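The values are calculated or read from the model by the stated rules, or taken from the named source; none is laboratory data. In this text, all values refer to a predicted model and were calculated from it rather than measured experimentally. Here the Cβ positions follow ideal geometry from the backbone for every residue, glycine too, while neighbour counts run over all protein chains shown.
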Amino acid sequence: MSDRFAIGMATRRRVLGDKHVDQAELSRNAFDDPFQTLITEAAWGNVWASDAISPRERSMITVALLAALGNLEEIPMHIRATRRTGASKTDIAEALQHVAIYAGVPRANQAIKIAKSVFEEMDGQSDD
């Protein structure tokens with residue numbers, strides 16, 4: 001295991017939580033192992049591990065980019081991560097306002113529906 005992988009895994013656990021990461025690791029196999037290593041080292045070990053901006057800001061940027069690009073399946077995971085990154089519901093709503101203006105109302109509308117649903121789910125749960 002590389003140092004970058006170890007840093008990435010620690011960051012991933014800090015942002016997404018042990019439960020999420022443990023479940024993801026259980027489904028890892030030889031087919032997706034190179035991909036999982038890549039995202040752990042690059043996304044989590046480089047981008048998310050950088051202290052140039054805050055985890056809160058990273059959450060806002062990530063949700064906005066996912067919405068803008070139409071990668072809606074990743075949004076619930078990153079909304080749940082806001083519990084750990086410090087991004088508030090208002091922060092996410094503001095980020096999605098930007099998506100509406102700069103990437104289109106339909107994409108923002110879909111993302112807002114997803115975020116509302118996940119925040120409602122989170123409001124009914126305790127932290128894991």
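Remarks
- For segment 1-34, filtering for residues that are exposed (fewer than 15 other Cβ atoms within 10 Å of the Cβ) and over 17 Å from the mean Cα position of the chain (by Cα) leaves 13.
- Helices (runs of 4 or more DSSP H) completely within segment 1-61 that count 2 or more residues being touching a Gly at 6+ places or on another chain (Cβ under 6 Å): 3-16
- Subset of segment 119-128 [part of a helix (DSSP H, G or I) and either surrounded by fewer than 15 Cβ atoms within 10 Å (Cβ to Cβ) or hydroxyl-bearing (Ser, Thr, Tyr) (or both)]: Glu120, Glu121, Asp123
- Within segment 96-128, the set of residues being closer than 27 Å to Lys19 by Cα, among the small types (Gly, Ala, Ser) and under 17 Å from the mean Cα position of the chain (by Cα) comprises Ala111, Ala115, Ser117.
- Scan segment 16-38 for residues that are more than 14 Å from Phe5 (Cβ to Cβ) and either touching a residue at least 40 places away in the same chain (Cβ under 8 Å) or of a type outside the set (D, E, K, R) (or both) and the total you get is 12.
Yes/no per residue for (1) in contact with a strand residue (DSSP E or B) (Cβ under 9 Å, 6 or more places away or on another chain); (2) hydroxyl-bearing (Ser, Thr, Tyr); (3) at negative phi; (4) assigned by TED's automatic domain parsing to the domain that holds Ile7:
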position: Leu38; (1), (2), (3), (4): no, no, yes, yes
position: Ala42; (1), (2), (3), (4): no, no, yes, yes
position: Ala67; (1), (2), (3), (4): no, no, yes, no
position: Thr82; (1), (2), (3), (4): no, yes, yes, no
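- Considered as a group, the residues in segment 77-118 that are polar (S, T, N, Q) and assigned to a helix (DSSP H, G or I) include one that is surrounded by the most Cβ atoms within 10 Å (Cβ to Cβ), and that residue is Thr82.
- Pair list, Cβ under 8 Å, 6 or more apart: segment 39-63 residue modelled with pLDDT of 95 or more, other residue surrounded by 14 or more Cβ atoms within 10 Å (Cβ to Cβ) and aromatic (Phe, Trp, Tyr): Thr40/Phe5; Glu41/Phe5; Gly45/Phe5; Pro55/Trp48; Arg58/Trp48
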